[in-house]
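Q: I am attaching a structure below and will ask some questions about it afterwards.
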Amino acid sequence: MAVRQQSVPVAERTTSQVQRASRAGLAGLGASLQTIGIIALKELRTYFTSWMAYALIAVYLFIAGFIYWVVVGRMSHSLPLSPFFAELAIILMFIVPLLTMRLLAEEKSTGTVELLLTSPVTDWQVVLGKFFGVFGVHTVLVLLTAHFPIMLFKWGNVDKGIIWSSYLSLWLTGGIFLSIGLWASSLTDSQVVSGFLAFGVLLMLWLVNIFGFTMQNAFGEFCRHVSVLSHLEDMTSGVIDTKDLVYCVSVIGFFLFWAKQVLESRKWK
Amino acid sequence: MVEVEQLTKKYGEVTAIKDVSFRVERGDILGFLGPNGAGKTTTMRILTCFMAPTSGTARVGGYDIFKDSLEVRRLIGYLPEGVPLYRDMAVRKYLLYCAALRGVPRRGREDRVDEVMAKTHVDEFADKIIGKLSKGQRQRVGLAQAIVHDPPVLILDEPTASLDPAQTREARELIRTLGKDHTIILSTHILAEVSMVCNRVIIIDGGEVKAVDTPDNLSRQIRQSDVIQLRFKRAPSDAAQQLRKLKGVQRVQQQDGAFMVETSLDADLREELAAFAVNKGWGLLELRRMELSLEDAFIEITSGHVERIVAASSEARQEGGTD
Ligand SMILES: Nc1ncnc2c1ncn2[C@@H]1O[C@H](COP(=O)(O)OP(=O)(O)O)[C@@H](O)[C@H]1O
Ligand SMILES: [Mg+2]
């Protein structure tokens with residue numbers, strides 16, 4: 001198409017057409033992102049207008065503080081932080097289902113999903129909006145634990161690279177967990193079922209990871225291979241590999257896509 | 001404005017609607033009348049692109065519900081059955097969110113929401129949490145969100161269900177007002193509601209369209225006589241025979257201890273009947289004019305004969321006790 005247009009005599013018009021087309025495309029993309037933003041912001045607000053987000057943050061900070069004290073504080077300030085981050089990831093495993101269980105299940109059980117999906121929005125926009133909304137809560141959670149390593153910056157001597165990469169890893173681990181939680185929430189209209197389903201899947205991921213580095217047989221080898229979390233653990237060593245990042249985003253994309261498919265399937269039931 | 005062509009929807013084995021076709025012209029207030037399970041909600045969910053039909057198609061404002069689903073949804077304001085709203089949001093915040101989601105530009109969004117709140121009389125509780133509102137108030141918020149993006153078409157699924165009589169009256173008035181600027185499709189299982197609000201009626205039963213008409217024609221078709229229900233404290237055994245002999249009475253039936261007196265249409269015999277019962281000293285306990293229940297209408301429309309089984313359901317009970 002583009003090649004043929006080049007041979008058209010009035011080249012100026014062609015370029016302006018192309019420009020206009022891309023501008024229309026950009027405007028469309030902008031509007032689409034705006035819709036996702038509107039939904040995400042609404043989700044974020046919903047969390048912070050109920051006691052839920054505050055309670056979870058309080059519990060998270062308390063446990064994180066406790067672990068920090070046990071793992072890091074009692075030892076020399078130069079020890080690696082990875083156990084601290086590993087423990088934080090485990091807490092996420094419990095917190096994420098509590099955050100995500102309501103995302104779609106609640107809308108389905110109260111019927112508000114009908115108003116949401118009969119608004120001029122695509123199912124993708126709904127799923128992405130919900131995801132980024134809860135991802136925002138998670139981001140707040142992660143940022144609030146930042147003072148622990150900052151204390152280490154001040155008083156200990158730790159590799160800053162390790163801290164940053166560990167934080168990135170924690171942030172993305174949460175992203176994967178949340179996408180799984182959102183997917184679980186798309187499957188049912190019961191928040192309890194959705195929460196337990198998400199927790200079950202996360203527990204399995206965790207077990208696979210454990211088997212991966214404790215068993216030395218073929219099964220252990222297999223587990224090492226399929227383990228989602230091991231990619232993230234690699235990151236805590238201070239090296240950020242784009243392969244790991246791509247992998248991580250793909251896993252999130254996979255579960256979000258699945259959630260969108262489930263949401264769409266209502267049409268044909 | 002809305003063209004529906006041979007819609008069929010099957011849930012597995014269950015056929016919810018079958019070959020439903022109708023048209024709605026601009027400015028119409030169309031009543032979708034049918035008992036529970038008739039397929040009203042299913043049809044509306046298909047029109048609003050929430051679900052896809054098994055076969056058939058529909059267009060709203062010329063746009064196809066499959067191909068231009070987003071355009072169709074821009075043209076529609078929808079109030080689902082049971083008025084599902086986010087209970088933890090305040091009314092104004094919720095309406096602002098709906099307006100944003102449906103593409104009302106940021107500039108002027110606040111004004112638009114204020115305007116809509118005034119129109120639906122929700123401005124008195126604009127900052128209250130939706131979960132704390134009464135049913136009638138919530139219903140009005142439901143209507144407010146349906147019109148917030150000023151859509152040409154409104155689809156309202158049982159908009160007066162489970163309201164008390166006063167709230168029902170208010171809601172109907174509001175819908176009639178909205179009918180001046182919008183094309184409306186509303187579903188109901190109350191016959192009287194249709195004649196109060198709508199200018200066209202579709203009767204649907206068992207997933208099939210049984211009749212399409214104006215409310216006047218429909219009730220003329222249905223109502224060939226009036227029924228008055230009487231209860232006495234001391235009715236003699238031949239009370240029915242005695243009542244039957246009165247002038248204007250066509251027939252008398254006994255049902256659950258009450259007498260159903262059928263009279264010719266427009267011959268209001270309530271005064272005569274009361275006087276008669278008092279004279280005889282039967283101890284008149286109750287006297288009221290019965291409205292036809294929808295089930296009766298169906299029996300008549302679908303079976304075609306005039307004989308009517310008067311169910312002991314009155315308009316008042318239908319309005320109050322559906323929940
Ligand atoms: N999600 C569903 N799955 C299976 N059957 C359904 C579903 N929704 C409705 N039905 C059936 O379809 C028929 C029509 O239902 P509906 O459209 O809700 O009727 P109405 O709104 O007129 O009461 C009923 O027989 C109902 O049981
Ligand atoms: Mg219904």
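Q: Given the options B:I46, B:I29, B:I76, name the one that is in contact with a strand residue (DSSP E or B) (Cβ under 7 Å, 6 or more places away or on another chain), more than 16 Å from ligand 1 (Cβ to nearest atom) and within 23 Å of A:G111 (Cβ to Cβ).
A: None of the others qualify; the one that does is B:I76.
Q: Considering segment B:41-70 alone, what residues qualify as being touching an Asp or Glu at 6+ places or on another chain (Cβ under 7 Å) and within 16 Å of ligand 2 (Cβ to nearest atom)? Write out each step before concluding.
A: Of all residues in segment B:41-70, those touching an Asp or Glu at 6+ places or on another chain (Cβ under 7 Å) come to B:41, B:44, B:50, B:56-59, B:63.
Hits for segment B:41-70 are B:T41, B:M44, B:F50.
Q: Answer yes or no as to whether B:V278 is at pLDDT 85 or above, surrounded by 11 or more Cβ atoms within 10 Å (Cβ to Cβ) and not in a strand (DSSP E or B).
A: It is true that B:V278 is at pLDDT 85 or above, surrounded by 11 or more Cβ atoms within 10 Å (Cβ to Cβ) and not in a strand (DSSP E or B).
Q: Would it be correct to say that B:L143 is within 24 Å of B:R23 (Cα to Cα) and part of a strand (DSSP E or B)? Spell out how you get there, then give the answer.
A: Working: within 24 Å of B:R23 (Cα to Cα): yes; part of a strand (DSSP E or B): no.
The answer is no for B:L143.
Q: Every residue in segment B:25-40 that is within 16 Å of ligand 2 (Cβ to nearest atom) and outside any strand (DSSP E or B), please.
A: Passing the criteria: B:G34, B:P35, B:N36, B:G37, B:A38, B:G39, B:K40.
Here's the yes/no breakdown for (1) of a type outside the set (D, E, K, R); (2) at pLDDT 85 or above:
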position	(1), (2)
B:E193	no, no
B:D213	no, no
B:Q255	yes, no
B:V261	yes, yes
B:L265	yes, no
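Q: In the set B:L174, B:L163, B:L178, which member is away from ligand 2 (no atom under 14 Å from the Cβ), touching a Gly at 6+ places or on another chain (Cβ under 8 Å) and under 24 Å from B:A144 (Cα atoms)? Break it down into steps so the answer makes sense when it comes.
A: Details: B:L174 fails: touching a Gly at 6+ places or on another chain (Cβ under 8 Å); B:L178 fails: touching a Gly at 6+ places or on another chain (Cβ under 8 Å).
B:L163 is the lone residue from the list that is away from ligand 2 (no atom under 14 Å from the Cβ), touching a Gly at 6+ places or on another chain (Cβ under 8 Å) and under 24 Å from B:A144 (Cα atoms).
Q: Let me ask you something else. Exactly one condition in (1) away from ligand 2 (no atom under 16 Å from the Cβ); (2) in contact with a Pro (Cβ under 6 Å, 6 or more places away or on another chain); (3) of a type in the set (D, E, K, R) is false for B:K9; which is it?
A: (1)
Q: Answer yes or no: is there a residue in segment B:25-42 that is hydroxyl-bearing (S, T, Y), more than 22 Å from the chain's Cα centre (by Cα) and buried (at least 16 other Cβ atoms within 10 Å of the Cβ).
A: Going through segment B:25-42, the residues hydroxyl-bearing (S, T, Y) turn out to be B:41-42.
Then keep just the ones that are more than 22 Å from the chain's Cα centre (by Cα); that gives none.
So far as segment B:25-42 goes, no, none of its residues is hydroxyl-bearing (S, T, Y), more than 22 Å from the chain's Cα centre (by Cα) and buried (at least 16 other Cβ atoms within 10 Å of the Cβ).
Q: Could you figure out which of (1) within 16 Å of ligand 2 (Cβ to nearest atom); (2) within 22 Å of B:I190 (Cα to Cα); (3) among the aromatic types (F, W, Y) isn't true of B:F22?
A: In the conditions (1) within 16 Å of ligand 2 (Cβ to nearest atom); (2) within 22 Å of B:I190 (Cα to Cα); (3) among the aromatic types (F, W, Y), B:F22 misses (1) alone.
Q: Another question about this same structure. Tell me which of these A:I176 doesn't satisfy, since it passes every other one: (1) surrounded by 15 or more Cβ atoms within 10 Å (Cβ to Cβ); (2) outside any helix (DSSP H, G or I).
A: It fails just one condition, (2).
Q: Only one residue in A:V208, A:V226, A:V246, A:V193 is crowded, with 17+ Cβ neighbours inside 10 Å and among the aliphatic types (A, V, I, L, M), so which one is that?
A: A:V208 is the lone residue from the list that is crowded, with 17+ Cβ neighbours inside 10 Å and among the aliphatic types (A, V, I, L, M).
Q: Can you tell me which residues in segment B:147-171 are modelled with pLDDT of 90 or more and crowded, with 18+ Cβ neighbours inside 10 Å?
A: Initial filter on segment B:147-171 (modelled with pLDDT of 90 or more): B:147-159.
Result: B:I147, B:V148, B:H149, B:P151, B:V153, B:L154, B:I155, B:L156, B:D157, B:E158, B:P159.
Q: Working only within segment B:99-116, note down all residues that are in contact (Cβ under 8 Å) with a residue 12 or more places away in the chain and either within 14 Å of chain A (Cβ to nearest Cβ) or over 22 Å from A:T46 (Cα atoms) (or both).
A: Correct list: B:A99, B:R102, B:G103, B:V104, B:R109, B:R112, B:V116.
Q: Continuing with this model, one more query. May I ask you to say which residue of B:L143, B:L174 is over 25 Å from B:V14 (Cβ atoms) and free of Cβ contacts under 8 Å to residues at least 60 places away in the same chain?
A: Just one listed residue meets the conditions, B:L174.
Q: Out of everything in segment B:43-59 that is away from chain A (no Cβ under 12 Å) and surrounded by 15 or more Cβ atoms within 10 Å (Cβ to Cβ), what residue ends up being nearest to B:V201 (Cα to Cα)? So that I can check it myself, show each step before the final result.
A: Pass one, segment B:43-59, residues away from chain A (no Cβ under 12 Å): B:43, B:55-59.
Still in the list and also surrounded by 15 or more Cβ atoms within 10 Å (Cβ to Cβ): B:43, B:56-59.
On the way: B:T43: 15, B:G56: 21, B:T57: 21, B:A58: 19, B:R59: 19 Å.
The qualifying residue nearest to B:V201 (Cα to Cα) is B:T43.
Q: To continue, here is another question. Could you check segment B:62-87 and list, in sequence order, the residues that are more than 8 Å from every other protein chain (Cβ to nearest Cβ), part of a strand (DSSP E or B) and within 14 Å of B:R45 (Cα to Cα)?
A: Scanning segment B:62-87 gives B:G77, B:L79.
Q: Next question, about the same structure. Which of the residues that make up segment A:97-136 are within 14 Å of chain B (Cβ to nearest Cβ), over 23 Å from B:L79 (Cα atoms) and assigned to a loop (DSSP other than H, G, I, E, B)?
A: none
Q: A further question follows. Is at least one residue of segment B:9-16 of a type in the set (D, E), more than 9 Å from chain A (Cβ to nearest Cβ), within 14 Å of ligand 1 (Cβ to nearest atom) and out of contact with any helix residue (DSSP H, G or I) (no Cβ under 9 Å at 6 or more places or on another chain)?
A: yes
Q: Please give the number of the condition A:L81 fails out of (1) within 23 Å of A:V228 (Cα to Cα); (2) modelled with pLDDT of 95 or more.
A: Answer for A:L81: the failing condition is (2).
Q: What's the total number of residues in segment B:88-117 that are more than 28 Å from the chain's Cα centre (by Cα) and not in a helix (DSSP H, G or I)?
A: So the answer is 9.
The values are calculated or read from the model by the stated rules, or taken from the named source; none is laboratory data. Predicted, not measured: the structure shown is a model, and the values here were computed from it. Heads up, the Cβs are rebuilt from the backbone with ideal geometry, glycines too, and the neighbour counts pull from every protein chain shown.
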